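*Asks:* This is the structure, below, for whatever I ask next.
The values are calculated or read from the model by the stated rules, or taken from the named source; none is laboratory data. This one's a predicted model, so the numbers in the text were calculated from it and none came from an experiment. Heads up, the Cβs are rebuilt from the backbone with ideal geometry, glycines too, and the neighbour counts pull from every protein chain shown.
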Amino acid sequence: MRAGAGHGRDDHWCQQSQPSHINLILKTDADFAVAGQVKAIPGVANVDTLTQFTVRFKTAKNQHWQTGTALYRPDYKVQQYDLMTLLSGHWPDDKSLAIERLSAKFGGLTQGESVEFETETGIQSFSIAGVIRHPFVKPPPFGGQLHFFIAPEAAAVFGIKPNTFRQLLVQVTQPYSEEKARLVAGKIRATLSTLGVDVNATLLQNPEQHWGRPFFSGINLILTVMAWASLALSSVLILNTIAALITQQTDQIGIMKAIGARRSTIAGIYLNIVLILSLIAIVLAVPLSLLAAFFSSRWLLDLFNIEMDGFEYSSRSLWLMIVGGLLAPLLAALWPIWRGASLSVRQAIASYGLGADFASNRFDRWLDAKVFSMLPTLYAVSMGNLFRRKARLLWTQSVLIIAGVLFIVILSLIESVNLTLDNELARSRYSVRLGFSVDQPSALIEELVRSVPQTIDVELWNRLPAELTRNDQLLRQSGSLGAQLVALPVASAMYQPLIVAGHWFEANDNDQKVLVLNAETAELNGIKLGDTININLLGRSSTGWQVVGLYRWFVGSGYAVEPVYAPLNTVQTITQSNKKSSFAVLSANVNSLSDEKKYADALKEKFQEQHIKLDFYTTIAKLEQRQYAKNQFRPITTMLLGLATLIAAVGAIGLSGALAISVLQRIREIGVFRAIGASSGAVFKLFMLEGFFHGILAWLISIPIAYVLAEPLSKKLGEVMLGIQLDFTFSLIAVWIWLGLVSVLVLLASYLPARHATRIAVRSSLSY
C-alpha cells in the first residue's frame, strides 16, 4: 500500500486473485454438467465452481460447539477464479483439512491441531494440515465465521453429493463492464431455471475493486481531515514557540537595533533559525512517517486478509510533507518575527516582551464592568491577564479548540453508530432469524422452534430469487448480491424497515400485488410511489406489482442481498407454497449476547438433529450482528481517539508554551506583585487560574463548533464506509468528558510556568 495513499494495494491484490465477475449462490446442489452448459452461454468467458456450507465444530481449546463455514473445490491445484493461496502445509485430503489464515489467527488454531465436526456419520476429527489465504471471505472480527477447507473426498461425510457445487464463479468476455455482467447474469439465471436450479443470490463483483474499499475510503477521509487539522495545530505551535523566542530575546533585538541592524536583517536571522529547525524536523520526520505508514499499512491490509508483498511510498505525499514542513513553519513564524524585528530600540530595551494593556478598548471595559467586577480580585486579575494579548489568546485557544472539536466529533460519531444500530434493533423485534438452505415444512419448523424453552413467538416467512423488470428492462439493484423477494405477514410483529416514502403493509394489502422497495434502487431506476413493475418468480413472470412504500436500507449496498418486501399471502397464492417456509423469525427471552448465543446454539442443535441445514447467509442473531457492525468501526474509532488524544497533548504543550511566554513578559509585573506583599502561593494560584480559564474558554467555544461539524462528518463517514446515512446524535457525554480532560490538561500545562513564576526573586525581576 502506498504510504499515505488509498486503494492501490488492495485493488492490486484483488486483481491478482483473478476475481470472478459473477458469483451465483445456488439454492440447491447442481451437477458439474450444469457448469458446462453455463460456459456455453454467449458472453461467458469461463466458469469455476465451489461449495460452501455451514458446519458445527469444536476444538481442544474450546469444547463448546461452534458454527463455522466449510468450503471445498473440485481441485485446489486447478483454480480459475477467486484464487486461494496455500501459505503453509499442504492442501486438504481425505483425513485432514486446511484453515483460512485469519480464522486460524482468530480461533487460536495452529497446524497439526485437531478439530471435531458433526457429520452425517457422527462426530469426526480432522487434523489441520495447511493454512490457506482466501481473498474474499469476511474476516471473523467483521462478522465472518471460521473458514475450513475440505477435500472432495471428505465432502460426502458432510452430506455433500459427489460431483456437485453450490456456487458458480463466472467471468464475462472482455472488455468487462457492469452492464455486460448484469446481462450475462440474467442469461445464466434463465438457463439455470430451465435446468431446475434455483439461485439464491447473484453477486456482481468489479474486478478492479476490492470489497474492503469502502473501509479504506473511510480511513482516507478521516486521515485527510486529521492531516489538515495537524497542519493547523503545528503552525499554531510554531507561532507560539517563535513568539516565546522573540520574547526571550527582546533585549538582544534592542541591542542589534542600537548598533544599526536593519529590520530585514533581524527578521532574516530568525527566519534562518526557523528554516534550520524545519530541515532538522523534516530529516527526522521522513523516516518516522515512512515507518508509521509501513506498519499501519501492514496492519490494515492484514485486517482485510490482503498480502503485503511490498511497500511503496507515495512520492507525491513525500513532496507535500517536505514542502509543507518548510513553508508552514516559515509562514507561521513570519508574523511574530516581523513584529519583534519592528520594535524600536526604546521599546525593546524598556519592556521585556511585546507589551499589551488590558482595558484599552470598549470590549475590555465591558468585560471589566460586567464580568470581572463581580469576581474576587485574584480571579479578576487572572481573567484580565487572559485577554491582555488577544492575538496570543487566539492562537493558544485555537489549539485547544481544535483538539476539543475533534474529541467531541469522534465520540459523537461513535454514539451515532450505536444509535443507528439501536434504531435498527428496535425495528427488528426478533431475536434470531433462521434461514434454511432448502424450504422446509412450516409445521415442522414451528414445532422445533417452540420446543426450545426461551422461544416466545415465531413467524414463518418465504424468500424467492427475484428479477424485477420494467418495460422489459431488468432493474438495477443497489445491493451487490442482487434482489430477493421476502414475503412476510402484513401484520408482522417481528420487523418493519424504516419507511422514507409511502407506507408499510396495511391490512387491506393482504392479498394484493404490492411491494415495498429499497429507496436507492427506486432512485436508480426512476421508480416512484404508485408505479408498477413486473417480477420473475420461479421462472414465471408476474405482472402489475405496485410500489406502495420505499424503505431506507441499513445494511448498505456492499456485499448484501437486497430485500424486496411483499405480502406473504399474495406470494403463497402465486407460487402455491403455503406449506413450506424459507425463514423462521423468532422472538425469545434473551437479554444479553451470551444468552442469545446459547439460544441460537440450542435452535441449531434442534435442526441439526433433524438433518435440516441452516443457510449461512441468512441465519442471523440480532445482538451478534450488532456487535459485528460495531467491530467494523472499532479500528477507525480507536485510531481516531488516539489521534484526538495526541492532538490534545499538543494543545497542552501549546498552552504551556503560551503561559511560559506570559511569565517572561510579566517578570517586572511579578516583581512588583511580590514587592507589595503577594505570597508565592498567590503568584502560583494566579497563573494556575489563568491556565484554567484558558481551558474553560476553549471548552465553551468548542461545543458549538463541534455541534456544527459532527453531523455532516458522521453522515459522510457512514455513507463512505457502510453505504448508509447514520442516525446522528450529538454526544453530551463527550462534552462533559472533554471538560474533565481539558481541565486536567490545562492544570498540568500550567504547573511548570506557575512554579517558575513563584521562583522569580523581587530584586532580579525589578532589575530588568
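*Asks:* Would you check if A98 is in contact with a Pro (Cβ under 8 Å, 6 or more places away or on another chain) and either more than 30 Å from V184 (Cα to Cα) or not aliphatic (A, V, I, L, M) (or both)? Break it down into steps so the answer makes sense when it comes.
*Replies:* Details: in contact with a Pro (Cβ under 8 Å, 6 or more places away or on another chain): yes; either more than 30 Å from V184 (Cα to Cα) or not aliphatic (A, V, I, L, M) (or both): yes.
Considered against the rule, which asks whether it is in contact with a Pro (Cβ under 8 Å, 6 or more places away or on another chain) and either more than 30 Å from V184 (Cα to Cα) or not aliphatic (A, V, I, L, M) (or both), A98 comes out as yes.
*Asks:* Next question. Out of curiosity, is T54 modelled with pLDDT of 90 or more, within 37 Å of the chain's Cα centre (by Cα) and not aliphatic (A, V, I, L, M)?
*Replies:* Answer is no for this residue.
Residue-by-condition table, conditions (1) part of a helix (DSSP H, G or I); (2) assigned by TED's automatic domain parsing to the domain that holds Q66; (3) of a type in the set (A, V, I, L, M):
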residue	(1), (2), (3)
S581	no, no, no
A584	no, no, yes
F607	yes, no, no
T618	no, no, no
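*Asks:* May I pose another question? Show the residue pairs meeting these rules: Cβ distance below 9 Å; 6+ apart or different chains; first residue within region 183-200 and among the basic types (K, R); second residue surrounded by fewer than 17 Cβ atoms within 10 Å (Cβ to Cβ) and not in a strand (DSSP E or B).
*Replies:* From region 183-200, the pairs are K187/I41; K187/P42; K187/G43.
*Asks:* On to the next question. Does region 418-439 include one or more residues that are more than 30 Å from P712 (Cβ to Cβ), of a type in the set (A, V, I, L, M), surrounded by fewer than 24 Cβ atoms within 10 Å (Cβ to Cβ) and in contact (Cβ under 8 Å) with a residue 40 or more places away in the chain?
*Replies:* Scanning region 418-439 turns up at least one residue that is more than 30 Å from P712 (Cβ to Cβ), of a type in the set (A, V, I, L, M), surrounded by fewer than 24 Cβ atoms within 10 Å (Cβ to Cβ) and in contact (Cβ under 8 Å) with a residue 40 or more places away in the chain.
*Asks:* Just to verify a result, which residue in region 717-742, among those that are in a helix (DSSP H, G or I), at pLDDT below 85 and of a type outside the set (D, E), is surrounded by the fewest Cβ atoms within 10 Å (Cβ to Cβ)?
*Replies:* V720
*Asks:* Also: When you scan region 465-475, do you find a residue that is assigned to a loop (DSSP other than H, G, I, E, B), out of contact with any helix residue (DSSP H, G or I) (no Cβ under 6 Å at 6 or more places or on another chain) and buried (at least 16 other Cβ atoms within 10 Å of the Cβ), even just one?
*Replies:* yes
*Asks:* Also, I was wondering about something else. Examine region 614-630 for a residue that is touching a Phe, Trp or Tyr at 6+ places or on another chain (Cβ under 9 Å), of a type in the set (D, E), modelled with pLDDT of 70 or more and on the phi < 0 side of the Ramachandran plot, and state whether such a residue exists.
*Replies:* yes
*Asks:* V78 passes all but one of (1) crowded, with 17+ Cβ neighbours inside 10 Å; (2) on the phi < 0 side of the Ramachandran plot; which number fails?
*Replies:* The number of the failed condition is (1).
*Asks:* Further question on the same structure: Filter region 42-74 down to residues that are aliphatic (A, V, I, L, M) and buried (at least 16 other Cβ atoms within 10 Å of the Cβ) and give me whichever is nearest to A201 (Cα to Cα).
*Replies:* Step by step, filter region 42-74, then rank; the result is L50.
For (1) surrounded by fewer than 17 Cβ atoms within 10 Å (Cβ to Cβ); (2) modelled with pLDDT under 90; (3) assigned by TED's automatic domain parsing to the domain that holds E719; (4) among the β-branched types (V, I, T), each residue gets a yes or a no:
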{"position": "D531", "(1), (2), (3), (4)": "yes, no, no, no"}
{"position": "L538", "(1), (2), (3), (4)": "yes, yes, no, no"}
{"position": "W545", "(1), (2), (3), (4)": "no, no, no, no"}
{"position": "G556", "(1), (2), (3), (4)": "no, yes, no, no"}
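*Asks:* Moving on to the next point. Restricting the first residue to region 291-310 and requiring it to be under 14 Å from F216 (Cα atoms) and modelled with pLDDT under 75, which pairs with a second residue that is among the hydrophobic types (A, V, I, L, M, F, W, C) and assigned to a helix (DSSP H, G or I) meet a Cβ separation below 6 Å and a spacing of at least six or different chains?
*Replies:* From residues that are under 14 Å from F216 (Cα atoms) and modelled with pLDDT under 75, the pairs are N305/L102; I306/W13.
*Asks:* For P207, state whether it is at pLDDT below 75, part of a helix (DSSP H, G or I) and farther than 19 Å from S398 by Cβ.
*Replies:* In short, no.
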